[in-house]
1. Name, by its number, the condition in (1) at pLDDT below 95; (2) part of a loop (DSSP other than H, G, I, E, B) that does not hold for residue 84.
2. Out of the residues in segment 25-37 meeting the condition of being surrounded by 14 or more Cβ atoms within 10 Å (Cβ to Cβ) and modelled with pLDDT of 80 or more, tell me which one is farthest from residue 100 (Cα to Cα).
3. Give me a count of the residues in segment 92-109 that are in contact with a helix residue (DSSP H, G or I) (Cβ under 9 Å, 6 or more places away or on another chain), assigned to a helix (DSSP H, G or I) and buried (at least 17 other Cβ atoms within 10 Å of the Cβ).
């Protein structure tokens, strides 16, 4: 299991380096957000704190404890118009391929 944690740390470091956010070391490494396709129960990717906050700010969660969001083509267009970053839009577009909608959630591990 230690190998998975090291791997996640390296992925986070590379992602933040690529985004130009060099202060990634200051963030708690125990808070890694995974984007999950709820229907397939598959990991779609790792997302940043800012991406999670964008989802929370722009999409309605079903309840207080619910961390699930529903994405379709209209929601994808809405997100793009409201400043969603290209990486997150790409994850959603890939998830929507061949489907009319996508139920997603994020998990903290």
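The values are calculated or read from the model by the stated rules, or taken from the named source; none is laboratory data. Just so it is clear, the structure is predicted and the values come from calculations on it, not from any experiment. Using ideal geometry, Cβ is built from the backbone for each residue, glycine included, and neighbour counts are taken over all protein chains shown.
1. (1)
2. At the first step, the residues of segment 25-37 found to be surrounded by 14 or more Cβ atoms within 10 Å (Cβ to Cβ) are 27, 32-37.
Now restrict to residues that are modelled with pLDDT of 80 or more: 32-37.
Numbers: 32: 29, 33: 25, 34: 22, 35: 19, 36: 17, 37: 14 Å.
That would be 32.
3. Number of matching residues: 1.
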